Amino acid sequence: MSELPLLLVAHGSRSDAADAVIRSLAGAVAAQGPRVEICYVDVRGPKVVDAVIALRDSGAHGAVVVPAFLAAGYHVRVDLPAQLAEAGADPARFRTTPSMGPDPLLAAAALDRLRAAGYRDGDAVVLAAAGSSDPSAVAQVRLAAGMLSGRVGRRVRVGFAATGTPTVTDLVEGLRRAGERRVAVASWLLAPGVFQNRLLECGADVVADPLGVHDDVVRAVLDRYTAGVAEIERAA
């Protein structure tokens, strides 16, 4: 395993339970070899600038920066690069990988969570994401729904908990009006919090837990780290 550290960048949440998931995910990844540090683009500290400075102060000359986001919306495309630039991070040495999602590994994790919650073959399935005003991020969520659809063998619709339409609740109600007897909601969220709580109130028969610290989520992070290390080494 490379000596390059992995900088896991999360959004940040006021929920201690959500923060605990990020820390547990970092620990699970670190157990596979790389040094892992955590930072946040918003709400919590340490912020990206502080984390980069701390890494340099510790003697690290670079890092693989992995955005712990399930789609590349504004925070990944704009906030994160701006904060890395503010810290003076050389893009050739502080290599930012694609966001964690969409990824077939995460679709597999979502199905595992769905089955654990009581999903039955034949249930109507909704993939529930936080939502974004960024069309490219929404398109990535729809791509993830396609990945999950291939695993459940029927169409998976996309609903949103915060930004965008249809809302998960409206989608569940519409599926019932269309004659679906059971509706299952797969959570396209990494950790618990306000958005997951909204899913629990959407009226579905089954609501899966967030992806959390699933083995396939850990693998997805490690895959991005490995690819990032290779890019840094090729550029050296």
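Residue count for segment 179-207 satisfying the condition of being in contact with a Ser or Thr (Cβ under 8 Å, 6 or more places away or on another chain) and either outside the structural domain of T167 (by TED's automatic domain parsing) or among the β-branched types (V, I, T) (or both): 2. Scanning segment 1-49 for residues that are of a type in the set (A, V, I, L, M, F, W, C), in contact with a helix residue (DSSP H, G or I) (Cβ under 6 Å, 6 or more places away or on another chain) and more than 18 Å from Q83 (Cβ to Cβ) yields L4, A28, V29, V36. With the structure loaded, tell me whether R154 is closer than 22 Å to D103 by Cβ, basic (K, R) and either surrounded by fewer than 18 Cβ atoms within 10 Å (Cβ to Cβ) or in contact with a strand residue (DSSP E or B) (Cβ under 8 Å, 6 or more places away or on another chain) (or both) or whether it fails that test. The answer is yes for R154.
Between V21, V64, V43, which is buried (at least 20 other Cβ atoms within 10 Å of the Cβ) and either at positive phi or assigned to a strand (DSSP E or B) (or both)? Exactly one of V21, V64, V43 is buried (at least 20 other Cβ atoms within 10 Å of the Cβ) and either at positive phi or assigned to a strand (DSSP E or B) (or both), namely V64. Would it be correct to say that P91 is touching a residue at least 24 places away in the same chain (Cβ under 8 Å) and not in a strand (DSSP E or B)? The answer is no for P91. If the condition is being among the charged types (D, E, K, R), modelled with pLDDT under 95 and more than 18 Å from L189 (Cα to Cα), then segment 1-40 contributes only E3.
The residue list L111, L148 contains one member that is in contact with a Lys or Arg (Cβ under 7 Å, 6 or more places away or on another chain), in a helix (DSSP H, G or I) and not assigned by TED's automatic domain parsing to the domain that holds L70, which is L111.
The values are calculated or read from the model by the stated rules, or taken from the named source; none is laboratory data. Keep in mind that what you see is a predicted model, and the values were worked out from it rather than measured. Ideal geometry is used to build each Cβ from the backbone, glycine not excepted, and the neighbour counts take in all protein chains shown.
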